[in-house]
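Have a look at the structure below before the remarks.
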Protein chains: 2
Amino acid sequence: MADSLGRVIIEGVQPEIDGGRFPIKRSVGESVAVEADIFTDGHDVISAILLYRKETDAAWTGVFMKALVNDRWRGSFRVEEIGRYFYTFQAWVDRFMTWRRDIRKKSDAGQAVAADLLMGSDLIQKTAKRASGADQTMLRGWAELLVSDKSMNEKIKLALDLNLARIVTRYPDRSQATRYAKKLPVAVERQKGRFSSWYEMFPRSCSGKEDQHGTFKDCEARLPYIAEMGFDVLYLPPIHPIGHTHRKGRNNTLRTGPDDPGSPWAIGAPEGGHRAVHPQLGTLEDFRQFVSKTKEYGIEVALDLAFQCTPDHPYVQEHPEWFYRRPDGTIQYAENPPKKYEDIYPLNFENDRWQDLWQELLGVVHCWIEQGIRIFRVDNPHTKPFAFWKWLIGEVKKDYPETVFLAEAFTRPRVMYRLAKIGFTQSYTYFAWRNTKWELTQYFTELARAPVREFFWPNLWPNTPDILTEYLQMGGRPAFAARLVLAATLGANYGIYGPAFELAENAAREAHSEEYLDSEKYQIRSWDIERSDSLKSFIARVNRIRRENPALQKDRNLHFHPVNNEQLIAYSKHTDDHSNIILVVVNLDPHHTHSGWLEFAPETLGLDPQQSFQVHDLLSDARYLWQGLSNFVELNPQIVPAHIFVVRRKVRTERDFDYFL
Amino acid sequence: MADSLGRVIIEGVQPEIDGGRFPIKRSVGESVAVEADIFTDGHDVISAILLYRKETDAAWTGVFMKALVNDRWRGSFRVEEIGRYFYTFQAWVDRFMTWRRDIRKKSDAGQAVAADLLMGSDLIQKTAKRASGADQTMLRGWAELLVSDKSMNEKIKLALDLNLARIVTRYPDRSQATRYAKKLPVAVERQKGRFSSWYEMFPRSCSGKEDQHGTFKDCEARLPYIAEMGFDVLYLPPIHPIGHTHRKGRNNTLRTGPDDPGSPWAIGAPEGGHRAVHPQLGTLEDFRQFVSKTKEYGIEVALDLAFQCTPDHPYVQEHPEWFYRRPDGTIQYAENPPKKYEDIYPLNFENDRWQDLWQELLGVVHCWIEQGIRIFRVDNPHTKPFAFWKWLIGEVKKDYPETVFLAEAFTRPRVMYRLAKIGFTQSYTYFAWRNTKWELTQYFTELARAPVREFFWPNLWPNTPDILTEYLQMGGRPAFAARLVLAATLGANYGIYGPAFELAENAAREAHSEEYLDSEKYQIRSWDIERSDSLKSFIARVNRIRRENPALQKDRNLHFHPVNNEQLIAYSKHTDDHSNIILVVVNLDPHHTHSGWLEFAPETLGLDPQQSFQVHDLLSDARYLWQGLSNFVELNPQIVPAHIFVVRRKVRTERDFDYFL
């Protein structure tokens, strides 16, 4: 027969990722708002609580849920610490509230309620048994009053007294309660996982001279520049010794000159592998000092985890079993037929000694954690097994839950989402290739919608050392400015690869290629970072706007608004309480001035549709008085291709003056 | 570390109800098409199979799935027997197909493949070990040829030979395969669960005289009439003895005359309870004979399960503990404050002896199953615990899996859906109150969409003894005809309460009431079923159209099409293979002729957009030649308020004549 008589059903829980198999993500201090369908047979009143606890807590905390419409209930709680939380539900038929509703209906209809008062008194006596102290005394008294010789009217009034309901609610009868079968996990990340501004830079290009290999000391000198722009994560491509066998020359040629430094992603040389520092950058001690210096500037260093080896990597000699072997006994280089990468040996994560390999790679991560690193950008995670990442990230977070992992997985959507589910904090996206209004609207609507938004935190990059898009190649400085604003306002996490970005470097290796000409991947570059046309102060302004406006520090509450011009895109972000509302308009055409009518219903942003409101452009400092559904915008890309408006509810009127009235 | 090295991920399965907790529904002979996201890390080729079996089968049958786009895969199987099936998935990295793809790419690029041929030979030898007989011999020979002294070109050709791929595919290496963690259930019902035409009738009104209580014999005389109209389920309100205490009089009055027969839903009298037959209808033997007579007409009798009692029910004496007790020891009558139903004692499904009560009610069902009944209409199931129904239906279906249960749950959507999930075959709906184009389109789009369509089979009733809608009250005969067509074509299952329906009975008890005047619930009525304005032959025609057109026998593939007139609604249904396409147009305004342009893209119905096509109105037998996106329709409700077109792809042209050419 039935397992229990629990008559209440709890289902349709949102959020719940893949039936609770994966956690939703939140950052410290955020709230978790949860909804569920909760109902029972018949007409009884039910009560429901949302239960939550930190993984390490023994006891659950309960908060009463609120009924919305159509059996939908909502509750919420805040997550205050990094780590894992759980939430679940309990709901029950509430005999007291059912009785209270019915006695009210009957007395309103003038029906006799003598029997009901008897039953209520009994119910309250039972409740008193679960209570103690003053509440117990109070309840017993109340129970007696309901069957006392007071007048019927007085007794009905007592029965319906709100204070009685409040006290009874503290001692519910949950003996027949339904408990939701699953405890649903929440992965709570530190705030930088949710809101960060990345700057990618090749340390070896920091000497200021093309013929001189930069050092960590040179990088230190660059820190004020990066801090002034307002970045808080400095991501360095791999800093390890670079292989010599099949080393790639300038512009990815197969011929290498004696001075060609090779690609930093070709890791491993006689000097060491993933735990070593490239000798020309300095010593491990230099690196440690550099890391501690960055902290003074409010910047955190992110390192690259590129789990692959050159033929010169020590692993090749020490652990040939960790690589793929060809029938002739040689080690297999990387290939994606017909392409060959003879300078790279991929690791075989399924080799017979895979446990040793996995442990070693975990050791690599711990080695850099010991140097003070807590942010890792992971190179091509989608070419290694999901199970490996799930295990590795889980192990790291046991001791260092504040560690942030960014997945560089430019691959198919299901794979990107899976990596996010199994533990990566952030992910690269298709942002670089979404340029038109339709493309941007479609893509960011998908990312901002449930369930994706619950586990996938995008990190938007307008460029990377691998990606110089056609839009940037052709659009000049206005294109860079527009893409910066889009990245920095559509994404709470974003980054640029500089100084190429702020200097609007747009020369591609060849037509239809997204590779940079004279790419830093294969050679040392010197950059004139003080050039007068640099975007650095524009970037600094945008980053300050991000810091000062909490609406831009999450990816929730993103809404697109129609503009009757395909080259103008408009969207808003707001805090849950509407205390901060940002409205962004970008001219996507880097060549021409465009204007149009922007439409949105003021009430969707929490504004009074009858009142005018002020939009204050934080880029130009201009202020506009707007009203109603439709307002005019015009943007000249040669000046600034975007507005970042803060929307202010309060507009001064004559009533604000002392002499009014 | 990782549990296994299974690198393939299977997720996003559709259909899967509440994580596999509840079965999807299918009828015998239907196919189950299933999709899932299946992918792995890296670039390897994967293979996936859909596994299925009947609950009683020991072994799974596998069918290879097909990749669609974006890591989405599809497979399907047919369910051939009533009962429960399961399906699940298995997927793996396919080393052979990966090798085959790569050798093709390399040879196309003119690269050396000698090492690849060696690896391939090795792979095929390993496959041969899993094979036997001729396949094994063939594979071994092939493996040797790939490393023989044949020319490189010949060996590449052999490697890519499709026959080789076919044989290897029979013996996959599934040692590292991923098995989907859940086996997902399918509840397979008989075809009448999916497609049925119901007629509800009060047996006591079948004598033809208001002052004479009808009998089962009288009902027999009515069978040819019902069969001619084309109904295949005859549903009788409760046939049990009716209580006397607080019996309701005509038009639900509290005063009862000596001849008032009472409501059939007031079950239980000294003559017996739920297992007994009302003496004025006849004996149990009469009933059995009536049931066997209906079968001769292709009609099945459905009985009502109304689990409630009058104060005169034998249970009240024998099992007072099954009822709610008031503080003064009396039994509590039904109430929904401020309404009181003093003639009804509800059963307390949570009483201390609930197991006895549940067993007894199961016994009641079995008792009628023994009389040949296999269809039950369940009265107000939403006022009894879900757990009770899940258990009861499960128990009945163990021995009688062909039993059909229709839930009369006019309640909130979540509750209706839950009843469908836990075992009810069919459900009443909100159809009666969906009258405008917008309402009908919204509601039936919701019902025809996943996941609802996978478990909820609607049964559409334009009227019931409790429901005479305002639309029917005011619209006269055209309204009845329009609602019949809507019910019979929007729903594979539908029913009417007659003869009130076919005689367009539209007198309500009072304004704004949906109760019939002189309702059969409280008195015997005589009906002139031969009246010339009866809709009986119209109904017969509609039911024949339903029988002859399989598109109308399921609720899948329902699509609404725009008409530029709010009073005209148009929608189509088609079989999965488009061999039968029905297009329905209904004039929702019972008073005025309406016309408009109906729009649909012919290719959405599997038609060639370049060709004209014929629409043949199965109601009027008129044929129209249509073409392109937009076609004209006009309907006069005084003639017929609807078209039920069958769409015929083939239109005769000059090429059909012998003398063409």
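The values are calculated or read from the model by the stated rules, or taken from the named source; none is laboratory data. None of the values given here were measured: they were computed from a predicted structure. Backbone-built Cβ (ideal geometry, glycine too); neighbour counts: all protein chains shown. Just the protein is used for accessible areas: all its heavy atoms, side chains included, with ligands, DNA and RNA removed. Shrake-Rupley method; radii C 1.70, N 1.55, O 1.52, S 1.80 Å.
Rank by packing, highest mean first: peptides B:195-205, B:630-640, with packing defined as the count of other Cβ atoms within 10 Å averaged across residues.
Packing proxy ranking, top to bottom: B:195-205, B:630-640.
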Heavy-atom accessible area ranking, 1.4 Å probe, most first, across B:Met97, B:Met229: B:Met97, B:Met229
Any idea how far apart A:Tyr324 and B:Ser513 come out in nm if each label point goes 7 Å out from Cα toward Cβ? 8.1 nm
I want to check the label-to-label distance for B:Arg130 and A:Leu625. Put each point 7 Å from Cα in the C-beta direction and report it in nm to one decimal. 7.7 nm
Just how much of B:Trp461 is accessible, in Å², when a 1.4 Å probe is used and the result is rounded to the nearest 10? 10 Å²
Checking rank on A:383-391, A:323-331, A:48-56, with mean other Cβ inside 10 Å and highest first, the result is A:383-391, A:48-56, A:323-331
Label-point gap, in nm, between A:Cys367 and B:Ser31 - each point 7 angstrom along Cα→Cβ: 5.6 nm
Give the distance, in whole Å, between the Cα centre of segment B:126-190 and the Cα centre of segment B:193-235. 62 Å
Determine which residues of segment B:196-240 fall in the zone a paramagnetic label at B:Ala334 would reach in this model, i.e. backbone nitrogen under 15 Å from the point 7 Å along Cα→Cβ. B:237-240
Between segment A:17-48 and segment B:334-395, what is the C-alpha centre distance in whole Å? 31 Å
Could you tell me whether segment A:190-552 comes out rounded, prolate or oblate from its Cα gyration tensor? Rule is a ≥ b ≥ c as square roots of the eigenvalues, rounded for a/c under 1.5, then prolate if a/b exceeds b/c, otherwise oblate. rounded
Suppose every K and R has +1 on its Cβ and every D and E has -1 on its Cβ; what is the size of the dipole of segment A:95-171 about the Cα centre, in Debye to the nearest 20? 320 debye
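What share of Cα pairs, in percent, lie more than 37 angstrom apart in chain A? Provide the component values of the computation, followed by the final result.
Working: 107935 of 218130 pairs.
Of all Cα-Cα distances in chain A, 49 percent exceed 37 Å.
Work the Kirkwood hydrodynamic radius out for segment A:558-660: mean of 1/r over every pair of different alpha-carbon atoms, inverted, in Å. Before the final figure, lay out the partial values.
Details: mean 1/r = 0.0699 Å⁻¹.
For segment A:558-660, inverting the mean 1/r across all distinct Cα pairs yields 14.3 Å.
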Please list B:Arg101, A:Arg72, B:Arg194 from largest to smallest accessible area, probe radius 1.4 Å, with all protein chains kept in place. B:Arg101, A:Arg72, B:Arg194
Compute the relative contact order of chain B as a whole-number percentage, counting only Cα pairs closer than 8 Å that sit 6 or more residues apart in sequence. 10 percent
FRET efficiency estimate (nearest 0.05) - Cβ-Cβ, B:Asn70 to A:Asp577, R0 41 angstrom: 0.65
From the Cα centre of segment B:584-604 to that of segment A:417-479, the distance in Å is 45 Å
Taking the Cβ of A:Gly249 as the center, what net charge do the other residues with Cβ under 9 Å away carry, scoring Lys and Arg +1 and Asp and Glu -1? +3
Whole-Hz Karplus couplings 3J(HN,Hα) for segment A:28-42, θ = phi - 60° and coefficients 6.51, -1.76, 1.60, Gly and Pro as x, run 3, x, 6, 9, 10, 9, 10, 10, 8, 7, 10, 7, 9, 6, x
Starting from the Cα gyration tensor of segment A:95-171, multiply each eigenvalue by 5, take the square root, and state the resulting semi-axes largest first in whole Å. 20, 13, 10
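Given a Förster distance of 41 Å, report the FRET efficiency between B:Asn153 and A:Asp286 from their Cβ-Cβ distance, rounded to the nearest 0.05. Present the calculation step by step, with values, prior to reporting the outcome.
Numbers: r = 57 Å, r/R0 = 1.40.
Efficiency, from the Cβ-Cβ distance: 0.10.
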Which FRET efficiency value, to the nearest 0.05, do you get for A:Thr137 and A:Asp57 by plugging their Cβ-Cβ distance into 1/(1 + (r/R0)^6) with R0 = 35 Å? 0.65
Which stretch or stretches of segment B:585-629 have amide N atoms under 19 Å from the point lying 7 Å from B:Asn636's Cα along the Cα→Cβ direction? B:585-597, B:617-624
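Tell me, what is the percent relative contact order of segment B:190-552, built from C-alpha pairs under 8 Å that lie six or more residues apart? Working shown, then result.
Details: 664 pairs, mean separation 70.0, N = 363.
Relative contact order of segment B:190-552: 19 percent.
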Can you pull the accessible area of B:Arg104 for me, 1.4 Å probe, Å² to the nearest 10? 100 Å²
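Starting from segment A:458-551, pick out the GluC sites (Glu not before Pro) whose DSSP state is loop and whose Cβ has at most 13 other Cβ atoms within 10 Å. Intermediate values should be presented prior to the final figure.
On the way: sites: A:Glu470, A:Glu502, A:Glu505, A:Glu510, A:Glu514, A:Glu515, A:Glu520, A:Glu530, A:Glu548; in loops: A:Glu502, A:Glu505, A:Glu510, A:Glu514, A:Glu515, A:Glu520, A:Glu530.
When the GluC sites (Glu not before Pro) of segment A:458-551 are filtered for loop state and at most 13 Cβ neighbours within 10 Å, A:Glu510, A:Glu530 remain.
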Within a 10 angstrom radius of each residue's Cβ in B:337-343, how many Cβ atoms of other chains show up on average? Whole number is fine. 4
Have a look at B:His246, B:Ala482, B:Pro203 and report the one farthest towards the positive end of the charge dipole of segment B:190-552, computed about the Cα centre with Cβ charges (Lys/Arg +1, Asp/Glu -1). B:Ala482
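What share of the DSSP beta bridges in segment A:190-552 is antiparallel, in percent to the nearest 5?
Values: 11 of 36 bridges.
DSSP beta bridges in segment A:190-552 are roughly 30 percent antiparallel.
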Tell me which lysines have Cα within less than 26 Å of A:Lys390's Cα, excluding those fewer than 8 residues away on the same chain? A:Lys25, A:Lys54, A:Lys182, A:Lys183, A:Lys192, A:Lys398, A:Lys421, A:Lys554, B:Lys182, B:Lys183
Going by average Cβ neighbours within 10 Å, how do the peptides A:118-124, A:286-292 rank, with the highest at the top? A:118-124, A:286-292
In chain B, what percentage of the DSSP-assigned beta bridges are antiparallel, given to the nearest 5? 70 percent
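Just check segment A:185-333 against the gyration tensor rule for me: Cα atoms, a ≥ b ≥ c as the square roots of the eigenvalues, rounded for a/c under 1.5, and otherwise prolate or oblate depending on whether a/b exceeds b/c.
On the way: a/c = 2.30, a/b = 1.45, b/c = 1.59.
Note, shape of segment A:185-333 comes out oblate.
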Positive-end residue, segment B:419-569 charge dipole about Cα centroid, Cβ charges, pick of B:Phe444, B:Asn549, B:Ser526: B:Asn549
How big is the accessible area of B:Tyr516 in square angstrom, nearest 10, if you roll a 1.4 angstrom probe over the protein chains? 10 Å²
Of all the Cα-Cα pairs you can form in the protein assembly as shown, what percent are over 64 Å apart? 25 percent
Could you work out the helix-only [θ] at 222 nm for chain B, with each DSSP H run of four or more residues adding -39,500 (n - 2.57) and the total divided by the number of residues, to the nearest 500 deg cm²/dmol? -9000 deg cm²/dmol
